[in-house]
Amino acid sequence: MGRPSRRVRTLLMTLGILAVLAMVFVMFAGFWTDWLWYRSVDYSSVFTTTLWTKIGLFLVFGLLMAVSVGVNIWLAHRLRPPLSAMSMEQQNLDRYRMGVAPYKKWILLGITAIVGLIAGASASGQWRTWLMWVNGVAFGQKDPQFNLDVSFYAFDLPWYRFLLGFGFAATVLGLIAAALTHYLYGGLRVTSPGARATAAATGHLSVLLGLFVSLKAVAYWLDRYGLAVKSSDFKATDSWTGLRYVDANAYLPAKTILFCIAVICAVLFFATLWRRTWQLPVIGFGLMVLSAVLIGGLYPAIVQKFQVQPNEQAKEAPYVEKNLKATREAYGIGDTEVTEYPGKSSTDDKKQLRDDADKAASMRMIDPNVVSPTFQQLQQMKNYYAFPQNLDVDRYKGTDGKEQDTVIGLRELDLNGIPKNNWINDHFRYTHGYGAVAAKGTDADNQGRPVFTESDLPSKGSLGDYEQRIYYGEKTSQYSIVGGPQKEIDYSDDSGEKTTSYKGKSGVNLSNPLNRAAYAVAFGEPQILYSGAIGDGSRILYNRVPKERVEAVAPWLTIDGDAYPAVVGDKIQWIVDAYTTTNGYPYASRTTLGDTTADSLTAANSQRAVVAQQNQVNYIRNSVKATVDAYTGEVKLYQWDTKDPVLKTWMKAFPDTVQPKGEISQPLMDHLRYPQDLFKVQRELLTRYHVKDAETFLSGSEVWQVPDDPTNKSGSAVPPYYLSMRMPDQSDQAFSLTTTFTPNGRDNLSAFMAVNAEAGTGDYGKIDILKMPSSETVDGPKQVQSKFNSDTDIAEKIRLLRGGDSEVEYGNLLTVPLDGGLLYAEPVYVRGGGLRYPLLRRVLVTYDGRTAFEPTLEKALNVIFGTAKETPVEPEEPEKPDEGTTPPPSDNPTVQEALQEAQKAFDEGQTAMKDGDWKAYGEAQQKLQDALKRAEDAEKQGTGGPSGKPSEKPSDKSGDKPAEPEKSGEPSGDAEQAGLRTGSG
């Protein structure tokens, strides 16, 4: 074949250049869109600081690695012996040298470039370690072993270890490169007789080995300090951190001795520059290896076997005390108060107990983790709106001006419900949700539905006037293009569909052709480049999930798994709790965040989990409260823990990104709360670290566990619950976060734990534990649930609730201390009669061995404390006709017959209700409805009248018709068959 023509070569070259330019633009598009986004949220300093730190580390360490390897190759080549002195073995390698010779400069550059790029990329990933080392702030606390500030372990030691690892890598790569070059050019021999290495090669490689052993000496020295943050298996805990007896008395002196031996060995290697012999260095290296085995491995094992095990408790006690103190301090549980609690009431005054029950807590019967489908059915309004799977609990003022626990959710955009999915609808027309929906946490109406305090579309109620459009939310994961020529669907009312155009300053302007091209490439959507729906004023909104938005502007924070909305003034704000963590707090035991924060809710809803947080930490603080405006997307970070040295370090690294705590407005402060994930971490640690003395800790006799959720079969831990309640030492209720503990391997109750979750109060963050007596058995959550299920009367009523296709769902099992005992309350929901959403039908309550299963909490408490007769609730009955009233006359015999059957069924139902025969009552109600339906159908058809005209419709006042036909969204008669209509009174 002939050579390609000039035209073909030109075409190929052009295509090659275009391909390279396309690749460059793709890389540029990612960089440019990131820069534009950070600039749009006013956090460009985070982008630039992170970028320049990564570039700096990449260049410095990439260059160091390249120079290290390149210099060693160059030096080995320069120290090669003359060709005439080469052995037969080396002469056989001549063809390889001849092949390398023309390209040796390019080969050298290629090798150094590759190792430099790899090393630089690895080093750039250490930007957090570098920034923490450079900006580290002292903790003001010293470790008990070496008397060094905690900042040394948290900020300095990680950076020193990185440098040490880089030094080892550079030395080993340099050693390998030098050895191969010496072998290729005759400085090293393998099979040839005589000396195995030239004097020059011996000196060169000895220096590299000396550097390696010197680094090993440094490693031994740093290992001494590493013992304070070392994790090990210990029977007292699975995550023990810090020195134990064998560490302090065997490993620590062993590391010091090995350090000295390594220094001597390194000197012997360096001495070969003058002695030109390997004998002494090899002996020294062998001694170091033997010492590492005997002193670093065998000796500690002997100490553990013959000194520690025979008297372990006495030997380990001082170190356990250090671990207890450090762990409690690192997790913020040092001030936890453990109080002995009887677990049983000592009060005989039932009336007093009944009064105290109302004051003890505002029992939240509306479970935010159950009623989302109810909100969806009753307040969705349009198919393209949706509520999150789990709603949130907050505090708002009621009509009486007092704060009350409130269940709240936002009506967010759901693209799965729009009439037709296409690019314009998905990204231009349907862009936002609309309005908050809130309900009382303690009440339900007479049909078991939430009592809404904010509802309808547009939302109206007790929350006042606020911007209701929701452009940023937990379900808003897609991008939208707003503000341009294309109008957006706002909401619909009786007058029709409303449109709007985004007026906020959020997002990135797409008027610039470069921006449009960059986003077309970055999002893989070419229509962004040429669509006529984009014009002047068009802005692209993305990164719209609040947690992801905060994580992007503060990548050094760990984000709580549950962002929650609050109406603050005239805005909807997403509130996001964020944590600073470290893995380097000496003596503090470690925990894995992803495992510790898992419970039955995160198992069912991945959005509630702490995503990608499987890393271990041994220090955590809720140092930052963040907000994301649901309309503008504005992100604000507020300093919450003003004493946290880790936060202070990051504030030095990223100045002006975190606002002072004093900038938090009072309306916002009213909605801040203690975060769930921190509470779950703390409760997991407190299963062991509630004890303060080493003897009890080592014995394991007081180990607790977090019980499984008794309301479902997930096998996961029970989630903590928010509710307003009063602890025994409190005079008034406080918004709290609560949980329970059981003994390890058993189901009875060990303790009850609560933290004051009301931000802005003096007791905020105070953790109280009520410890049950070990001499008596107090029922735990699982046992309480089991007693509910095994009670024959309750079981029968539950069976009736499950009649037909109905399903029973248990709500949160709340625990409240009351006069020395524990009051348990649990709402019971029913989905039945074709309903797709749960309604509150009954309330389970138990106290001091007495159990009640009633339509309302009030009635259940009355039964428990004997202040009311224990009778089943009377169902909401139809309006009874006045005495002497008969069904309205009708000439239609079918209507007359049906009405007579309806009257008979009504009378049978009243008799069954008085006798407590709910099965018969349900059958009578069904007969009543069937008869009325026949009468209504016959009346509409108009058959049988004397003149052939339809008869008049029976009056609703006859008393025979129990209720109007069900409206959309209201429960059907099937759900009422067992006479279980409930209400708040």
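Please treat every number below as a calculation from the coordinates, not as lab data. No experiment lies behind these values; they were computed from the predicted model shown. Every residue, glycine as well, gets a Cβ built from its backbone with ideal geometry; the counts of neighbours run over all protein chains shown.
Using the count of nearby Cβ atoms within 10 Å as a rough guide to exposure, how do V41, V67 rank from fewest to most?
V67, V41
So if the hydrodynamic radius of segment 553-598 is defined as the Kirkwood radius over C-alpha pairs, what does Stokes-Einstein give as its diffusion coefficient at 25 °C and 0.890 mPa s, in µm² per second?
Details: Rh = 13.2 Å.
Diffusion coefficient, whole number: 186 µm²/s.
When S231, S122, S538, S477 are ordered from fewest to most other Cβ atoms inside 10 Å of their Cβ, what list results?
The order, fewest Cβ neighbours first, is S477, S231, S122, S538.
Based on DSSP H runs of at least 4 residues, each adding -39500 (n - 2.57), what is the mean residue ellipticity at 222 nm of the chain after dividing by all its residues, to the nearest 500 deg cm²/dmol?
So the calculated ellipticity at 222 nm is -12500 deg cm²/dmol.
Would you mind checking K216/K315; K625/K680; K648/K766 for any pair whose Cα atoms are more than 28 angstrom apart?
K216/K315
May I ask you to compute the full-extension gain from L180 to R6, defined as 0.36 nm times their residue separation minus their alpha-carbon distance, rounded to one decimal in nm?
Separation in residues times 0.36 nm, less the Cα-Cα distance, equals 58.2 nm.
From a point 7 Å beyond the Cα of T777 in the direction of its Cβ, which residues of segment 795-820 have a backbone N at a distance under 15 Å?
Flagged as within label range: none.
Projected onto the charge dipole of the chain (+1 at Lys/Arg Cβ, -1 at Asp/Glu Cβ, origin at the Cα centre), which of T406, L184, L209 gives the Cα projection farthest towards the positive end?
Farthest along the dipole direction, towards plus: L184.
Suppose each label sits 7 Å from its Cα in the direction of the beta carbon; what would the F146-L280 distance come out to in nanometres?
Taking the simple label geometry, F146 and L280 are separated by 3.2 nm.
Whole angstrom only: what separates the Cα centroid of segment 117-177 from the Cα centroid of segment 349-424?
The distance from the Cα centre of segment 117-177 to that of segment 349-424 comes to 48 Å.
Could you state the angle between the C-alpha long axis of helix 893-915 and the longest principal axis of the C-alpha atoms of the chain, as a value from 0 to 90 degrees rounded to the nearest 10?
With both axes taken from Cα atoms, the answer is about 70 degrees.
What is the calculated FRET efficiency for K643 to V24, with r their C-beta to C-beta distance and R₀ = 51 Å, to the nearest 0.05? Could the numbers behind the result be given before it?
Values: r = 48 Å, r/R0 = 0.94.
E(calc), rounded to 0.05, equals 0.60.
What's the exposure ranking of Y764, Y396, going from fewest to most Cβ atoms within 10 Å? Present the calculation step by step, with values, prior to reporting the outcome.
Numbers: Y764 16, Y396 21.
Listed from fewest to most nearby Cβ atoms, that is Y764, Y396.
Taking 0.36 nm per residue of separation and subtracting the Cα-Cα distance, what length does fully extending N135 through T256 add?
Length gained between N135 and T256: 40.5 nm.
Order 175-188, 331-344, 246-259 from most to least packed using the mean count of other Cβ atoms within 10 Å.
175-188, 246-259, 331-344
How large is the convex hull of the Cα atoms of segment 152-288 per residue, expressed in Å³ as a whole number?
Working: hull volume 18.6 nm³, N = 137.
About 136 Å³ per residue, rounded to a whole number.
If each residue of separation counts as 0.36 nm, what is the full-extension length gain between T49 and F31 once their alpha-carbon separation is subtracted?
Here the answer is 5.1 nm.
Describe numerically, in nm with one decimal, the distance between label points set 7 Å from Cα along Cα→Cβ at N311 and at L59.
Result for the modelled spin labels: 6.2 nm.
Among the listed pairs K142/K325; K643/K692; K503/K661; K142/K643; K359/K402; K713/K771, give every one whose C-alpha distance is greater than 18 Å.
K643/K692; K503/K661; K713/K771
Using a Förster distance of 25 angstrom, determine the FRET efficiency expected from the C-beta separation of D355 and D595, and round it to 0.05.
0.05
How far apart, in nanometres, would the label points at N509 and D493 be if each is projected 7 angstrom from Cα along the Cα-to-Cβ direction?
Reported label-point gap for N509 and D493 is 3.4 nm.
Could you tell me how many degrees, from 0 to 90 and to the nearest 10, lie between the Cα long axis of helix 918-941 and the main elongation axis, the longest principal axis, of the Cα atoms of the chain?
Approximately 70 degrees, to the nearest ten.
Could you tell me the ratio Rg/Rh of the chain? Both radii from Cα atoms, Rh via Kirkwood.
A ratio of 1.09.
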